[in-house]
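**Q** I am attaching a structure below and will ask some questions about it afterwards.
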Amino acid sequence: MEKWRRTTAVPFWSDLSTELQRKMLDTMTIKSFSATKQIDLKRLTGAGADALWVILEGNISILIESIEGKNCRLLRMHEGQGNHTLMALRGLRFYVKASVEKCATICVINESLSRELLKRNQYVQRAEGDSSVKMLEHLINLVGDLAFSSLKERLLRCLREYGAETKNGEIFVTHEELANNLGTSREVVSRLLKELARDDDLLLMRKRIVLNDTIWEDD
C-alpha cells in the first residue's frame, strides 16, 4: 500500500496497464535519505545504468567536481523527475555526483523491467524524452549563465529558484550549498549575500535567507 500511494509522482504511472503497474510495484525499490549528502551517481540508485528512477519527494542536484574539489551544479531535479541517462555522465572528464537534500525519496525500477519499458512502452519513452529535453534546457541555460552572466546575477537567479519553491521567499540553504551550486567559494557567496542585504534585496538571518518580495517573485 505504501508503494502504491507513492507512485502518483511517477509521470508515466497512470498510462501503464494494470499488469505493468503490478510488476513495477513488485520489483521497484524505494530509497529515502534522512540527511543532506553528496554521493556517486551509481550509489544514488544502487542499480545498473539502465534502471529507471523517479524522485518521489524532495530535490536532488547533479554536480560536477574538478580535480581540485571545486563543485558546480549542472541541474536541480524535483518531484516527478528522474532520468536514467544521467548515469552516462560518469564518462565525462569531470567527476559527476548527486547532491541529495534532506528527506528526499526516490523509487528505482528493476533494471530488466526498465529495459523492457524503455524498449516497448511509448509512455515511458515519452516521459524519458521529455525529461531529457528539460535536462538539455537546464544545461544550455547553465552554459549561457557561465558565458554571459555575472556571479551576482547567477546567485540571484539561484535564490529566486529556491524562493519560488517555498512560495514565500524564505530559504533554508547554507552558503556552502549556494557556493557548490555556482562553482565558487563560500567566502565569495557570503560577500555577495552581504551586498544584496545592504541593497535591501534580502535579509540574512540565522540558518535562513529571506528574499524581498520583488526579488523572488520577479523571475
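**Q** Using a 1.4 Å probe and counting only protein heavy atoms, arrange 188, 54, 133 so the residue with the most accessible area comes first.
**A** Solvent-accessible surface, decreasing: 133, 188, 54.
**Q** Let me ask something else about it. With +1 assigned to the C-beta of every Lys and Arg and -1 to the C-beta of every Asp and Glu, and no other charges, what is the dipole magnitude of the chain about the Cα centre in debye, to the nearest 20?
**A** The dipole of the chain has a size of about 740 debye.
**Q** Something else: Among 67, 62, what's the order by accessible area (1.4 angstrom probe), most exposed first?
**A** Ranked list, largest accessible area first: 67, 62.
**Q** Suppose R0 equals 22 Å; then what is the FRET efficiency for residue 29 and residue 95 from their Cβ-Cβ distance, rounded to the nearest 0.05?
**A** My answer for the efficiency is 0.30.
**Q** Within the chain, what whole-number % of the accessible surface is contributed by carbon and sulfur, with the 1.4 Å probe and all protein chains included in the calculation?
**A** Solvent-exposed carbon and sulfur of the chain make up 50 percent of the total.
**Q** Let me ask another. For helix 111-120, report the angle its Cα long axis makes with the longest principal axis of the Cα atoms of the chain; keep it between 0 and 90° and round to the nearest 10°.
**A** 80
**Q** Report the local net charge at residue 73: Lys and Arg +1, Asp and Glu -1, summed over other residues whose C-beta lies under 14 Å from its C-beta.
**A** -1
**Q** Expressed as an acute angle from 0 to 90° and rounded to the nearest 10, what is the orientation of the C-alpha long axis of helix 151-166 relative to the principal long axis of the chain?
**A** 50
**Q** Can you give the extra length, in nm with one decimal, that the chain gains between residue 157 and residue 199 once fully stretched, where that is 0.36 nm per residue apart less the Cα-Cα distance?
**A** The span from residue 157 to residue 199 would gain 13.5 nm if fully extended.
**Q** Please give the per residue accessible area of the stretch 33-97, computed with a probe of 1.4 Å over protein heavy atoms only, in Å².
**A** 46
**Q** Rounding to the nearest 10 and keeping the result within 0 to 90°, find how far the Cα-based axis of helix 186-198 lies from the longest principal axis of the chain.
**A** 60
**Q** Considering only 203, 178, 63, give the residue with the highest GNM mean-square fluctuation for the chain, with springs between Cα atoms whenever their separation is below 10 Å.
**A** 203
**Q** Which value at 222 nm does the chain reach when only helices count, each DSSP H run of 4 or more adding -39,500 (n - 2.57), with the total divided by all residues and rounded to the nearest 500 deg cm²/dmol?
**A** Here the helix-only value at 222 nm equals -13500 deg cm²/dmol.
**Q** Mind giving me the FRET efficiency for residue 172 and residue 136? R0 is 30 Å, r the Cβ-Cβ distance, nearest 0.05 is fine.
**A** 0.50
**Q** Select one label from (i) 28, 22, 16; (ii) 34, 19, 15; (iii) 25, 21, 14: the one whose number is semi-axes √(5λ) of the Cα gyration tensor in Å as derived from the coordinates shown.
**A** Answer by label: (ii).
**Q** Farthest toward the dipole's positive end in the stretch 61-219, which of 183, 112, 123, given Cβ charges of +1 (Lys, Arg) and -1 (Asp, Glu) about the Cα centre?
**A** Among 183, 112, 123, the one farthest towards the positive end of the dipole of the stretch 61-219 is 112.
The values are calculated or read from the model by the stated rules, or taken from the named source; none is laboratory data. Just so we're clear, the structure is a prediction, and the values are computed from it rather than from any experiment. Cβ sites come from the backbone with ideal geometry, for glycine too, and all protein chains shown count toward neighbours. Accessible surface is based on the protein model in full, side chains and every heavy atom, while ligands, DNA and RNA are left aside. Shrake-Rupley method; radii C 1.70, N 1.55, O 1.52, S 1.80 Å.
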